[in-house]
Amino acid sequence: MIDLRLLREVTVDADAQRVLVGGGACWNDVDAATQAAELALPGGTYGDTGVGGLTLTGGIGHLTGAYGLTLDNLVSARLVTAAGEVIWAAADREPELFWALRGGGGNFGVVTEFEFALHPVLVMTGGMLFEPLHGAAARADATGTAFAFRHARFNVSPMAIWADPTLDEAQVTWAQTVRDRLRPLSTGGYLNYATDDTAGTVEDAYGAQTFARLQAAKRTWDPGNLFRHNHNIPPAP
């Protein structure tokens with residue numbers, strides 16, 4: 001495993017509405033810097049969530065309805081590849097890698113810096129909060145990133161919370177039962193919530209066509225599957 005906790009610098013360009021974020025930053029680091037300029041982007045709902053993990057697999061947050069997923073706001077990324085190269089990926093620079101990074105998780109390299117687009121958002125001090133589940137995230141091009149199933153109407157998470165260890169089996173069974181009953185109505189899943197990393201779970205989260213395209217990108221950028229301690233996408237044969 002690679003520890004990026006020292007890479008937490010956050011640099012805001014308020015005029016350009018852009019922010020550079022170190023690969024080891026958490027959302028507390030980002031929010032403090034961007035809110036000082038009355039700017040923000042869709043990020044984690046918990047401040048100690050890592051920017052990298054959330055971004056590379058999706059990013060559902062309070063501003064998703066207005067401005068899309070976190071990965072929809074990614075402008076570019078600097079990463080170290082399995083071959084040891086340091087490269088920038090963006091829409092006009094290594095576009096297929098940039099596509100794969102936006103949804104494919106940590107399968108393609110170690111991202112050391114993110115560049116995000118920002119949006120004017122005043123600091124909220126009180127009131128009611130409503131979180132649309134569609135909006136900008138659903139309007140984005142379904143094939144523009146590796147994040148699948150933008151057409152889904154709901155993101156459902158059965159939450160079992162308990163303190164008594166004697167209830168472990170009952171609570172886990174309840175959550176699994178809810179999951180299994182919803183499965184016939186579901187398409188895929190959100191890997192940032194996944195706790196099992198079976199090949200079937202990962203492929204189902206993308207769908208066959210997106211998964212095959214990710215495997216092709218994996219073959220190009222990490223044919224030896226060096227980056228495999230994750231929701232792994234094996235390289236195409």
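Regarding the range 113-132, can at least one residue be identified that is hydrophobic (A, V, I, L, M, F, W, C), assigned to a helix (DSSP H, G or I) and within 14 Å of the chain's Cα centre (by Cα)? So far as the range 113-132 goes, no, none of its residues is hydrophobic (A, V, I, L, M, F, W, C), assigned to a helix (DSSP H, G or I) and within 14 Å of the chain's Cα centre (by Cα).
Among residues of the range 98-109 being farther than 17 Å from Val202 by Cβ and out of contact with any Gly (no Cβ under 8 Å at 6 or more places or on another chain), the one that is surrounded by the most Cβ atoms within 10 Å (Cβ to Cβ) is Gly109.
Scanning for something assigned to a helix (DSSP H, G or I) and modelled with pLDDT of 95 or more, does the range 42-51 turn up at least one residue? Walk me through it before giving the result.
Our first condition is that a residue be assigned to a helix (DSSP H, G or I); within the range 42-51, this holds for 51.
When the remaining residues are screened for being modelled with pLDDT of 95 or more, the result is 51.
There is at least one residue in the range 42-51 that is assigned to a helix (DSSP H, G or I) and modelled with pLDDT of 95 or more.
Reported count of residues in the range 42-64, each being under 13 Å from the mean Cα position of the chain (by Cα) and under 24 Å from Val110 (Cβ atoms), is 16.
Quick check on Val80: is it aliphatic (A, V, I, L, M) and in contact with a Cys (Cβ under 8 Å, 6 or more places away or on another chain)?
Details: aliphatic (A, V, I, L, M): yes; in contact with a Cys (Cβ under 8 Å, 6 or more places away or on another chain): no.
Spelling it out, it is not the case that Val80 is aliphatic (A, V, I, L, M) and in contact with a Cys (Cβ under 8 Å, 6 or more places away or on another chain).
The condition of being touching a Cys at 6+ places or on another chain (Cβ under 8 Å) and buried (at least 17 other Cβ atoms within 10 Å of the Cβ) holds for only one of Thr49, Thr64, that being Thr49. Considering the range 147-197, the residues that are basic (Lys, Arg) and either modelled with pLDDT under 80 or loosely packed, with under 12 Cβ neighbours inside 10 Å (or both) include one that is nearest to Thr70 (Cα to Cα), namely Arg153.
The values are calculated or read from the model by the stated rules, or taken from the named source; none is laboratory data. As the structure is a prediction and not an experimental result, all values here were calculated from the model. As a convention, Cβ positions derive from the backbone with ideal geometry for all residues, glycine included, and neighbour counts pool all protein chains shown.
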